[in-house]
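First up is the structure itself, then whatever we jot down about it.
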Amino acid sequence: MNQSSIDRGFFRSLFFRSYRDEEKKMGTLVKEDFGRPDRANTMGMRHGSYDKLDDDGLAPPGTRVSGEDVIIGKTTPLSQEEAQGQAARYSKRDHSISLRHSETGIVDQVLLTTNADGLRFVKVRVRSVRIPQIGDKFSSRHGQKGTVGMTYTQEDMPWTVEGITPDIIVNPHAIPSRMTIGQLIECIMGKVAAHMGKEGDATPFTDVTVDNISKALHKCGYQMRGFETMYNGHTGRRLSAMIFLGPTYYQRLKHMVDDKIHSRGRGPVQILTRQPAEGRSRDGGLRFGEMERDCMIAHGAAHFLKERGCKNKTDIVQVFIPYACKLLFQELMAMAIAPRMLTKEVKAIKKKGA
């Protein structure tokens, strides 16, 4: 893709995401309430920033927000059972909604209304500008989808005798297997229509054939099948092959690399298996499965394979203790005392002369 075209605004788009919440009634009197939570009397507050909220608990339009900033503040009164013991100084529990941790944007619109029960309902829309980059997905109108593999500035792109540089370069291997002949017809038809300044009608089962379009293109002074001589942007030399060139309608798809990029060095694990959590939304890990193992075998990466399969594991030590000892530990845990056993690896002692 042409980076200079992108810098001029090519396929630049706005991305909207809506966050919604409503007050819910809990029993006859107690109900949730929108507002800015106060750390002095609210328990369970989130790690994100509450500074963007107004007194009504909503981030006003035009506010710039970033990962895990709270955009809808909501609290719930604590029940009598919850407000005992260490939680006695708290009177509310936080139920706020924060922005997705991987996103940034500007609050575009805030809608505050009431639902059928007379309780308040809020919807906050966040806007962000998405600029095409490597990994974003595009498609023509013929199912020829693909992702951006590389971007080059205009001076590095190939150019024609007329000085035209393409916006998108498509790999020709996409054509034979998918057989999207309609895209090729659209390309040469669009070339004729653009040169003549007319609309092109490509209705099927009419006299609009490839031969007729080719003849019209030839009359316009171009090669019949839409091929042109192009020059290398790096060297300035003429390319040995003729290049198929013409206007084609392309559209940007919703699958963007900003929504899919994911990595982690450490993070949450499952309680039962102690394996990393699964999925990008839970900050999960990437599974090193059977196929990945086979690739490492094929690469001959023996030390890496040993590290992944043997060394890189949680050190869980199995100990044998009397049942009464286990019972004592559990009774201490009921008293808010958590006993821990320090273990170390017992190495076999070699006898002299053995």
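Here, each number is a calculation from the coordinates, and none is a lab measurement. Quick caveat: nothing in here was measured; it's all calculated off a predicted structure. Neighbour counts run over all protein chains shown; Cβ positions are idealised from the backbone, glycine included.
On a 19 Å Cα-Cα criterion, which of the cross-link pairs 137/198; 306/344; 24/74; 145/260; 311/344; 260/311 come out too long?
Result: 137/198; 306/344; 260/311 exceed 19 Å.
Output the peptides 136-142, 10-16, 291-297 sorted from most to least packed, where packing is the average of other Cβ atoms within 10 Å over each peptide's residues.
Highest mean packing first, the order is 136-142, 10-16, 291-297.
Explain nothing, just the number: dipole magnitude of segment 137-252 about its Cα centre with +1 on each Lys and Arg Cβ and -1 on each Asp and Glu Cβ, in debye rounded to the nearest 20.
240
In nm, to one decimal, how far is the modelled label at residue 154 from the one at residue 178, with both set 7 Å along Cα→Cβ?
2.8
Please work out the C-alpha center-to-center distance from segment 1-71 to segment 113-192 and express it in whole Å.
30
Return the distance in nm (one decimal) between the two label points of a simple spin-label model at residue 104 and residue 28, each offset 7 Å from Cα along Cα→Cβ.
For the pair residue 104/residue 28, the computed spacing is 5.2 nm.
Determine the gain in length on full extension of the stretch residue 294-residue 82; use 0.36 nm per residue of separation and subtract their C-alpha separation, reporting nm with one decimal.
71.1 nm
At what distance in nm do the modelled label points of residue 55 and residue 212 sit from each other, each positioned 7 Å from its Cα along Cα→Cβ?
For residue 55 paired with residue 212, the spin-label model returns 7.3 nm.
Ordered by packing density, taken as the mean number of other Cβ atoms within 10 Å over each peptide's residues, highest first, how do 46-59, 206-219 rank?
46-59, 206-219
Efficiency by 1/(1 + (r/R0)^6): what FRET value for residue 269 and residue 240, r their Cβ-Cβ distance, R0 = 41 Å, to the nearest 0.05?
0.15
Evaluate the charge dipole of segment 87-200 about its Cα centre and quote only its size in Debye, nearest 20, assuming +1 on the Cβ of each Lys and Arg and -1 on the Cβ of each Asp and Glu.
840
At 0.36 nm per residue, and after removing the present C-alpha to C-alpha distance, how many nm does the segment from residue 196 to residue 258 gain when stretched out fully?
18.3 nm
Of 106, 189, 147, which is farthest on the positive side of the dipole of segment 92-226, counting Cα position, with +1 on Lys and Arg Cβ, -1 on Asp and Glu Cβ, and the Cα centre as origin?
Of the options given, the answer is 106.
Would you please put 21-28, 246-253, 305-312 in order of how densely packed they are, using the mean number of other Cβ atoms within 10 angstrom per residue and starting with the highest?
246-253, 21-28, 305-312
Pairs of Cα atoms under 8 Å, at least six residues apart: use those to get the relative contact order of the chain, whole percent.
Relative CO of the chain lands at 13 percent.
Using the Cα atoms of the chain, I'd like the radius of gyration and the largest Cα-Cα distance, Dmax, both in angstrom.
Radius of gyration, then largest Cα-Cα span, for the chain: 31.8, 100 Å.
For the chain, build the charge dipole from Cβ charges (+1 Lys, Arg; -1 Asp, Glu) around the Cα centre, then report which of 321, 204, 73 sits farthest towards its positive end.
So the residue furthest toward the plus end is 321.
Put +1 on the Cβ of every Lys and Arg and -1 on every Asp and Glu Cβ in segment 264-311; which of 310, 299, 267 then has its Cα farthest towards the positive end of the dipole?
267
Full extension from residue 333 to residue 141: what is 0.36 nm times the residue separation minus their Cα-Cα distance, to one decimal in nm?
This chain segment gains 62.7 nm when fully extended.
When the helix-only estimate is applied to the chain (DSSP H runs of n ≥ 4, each -39,500 (n - 2.57), divided by the residue count), what is the mean residue ellipticity at 222 nm, nearest 500 deg cm²/dmol?
-5000 deg cm²/dmol
Could you give the size of the charge dipole of the chain about its Cα centre, using +1 on the Cβ of each K and R and -1 on the Cβ of each D and E, expressed in debye and rounded to the nearest 20?
1540
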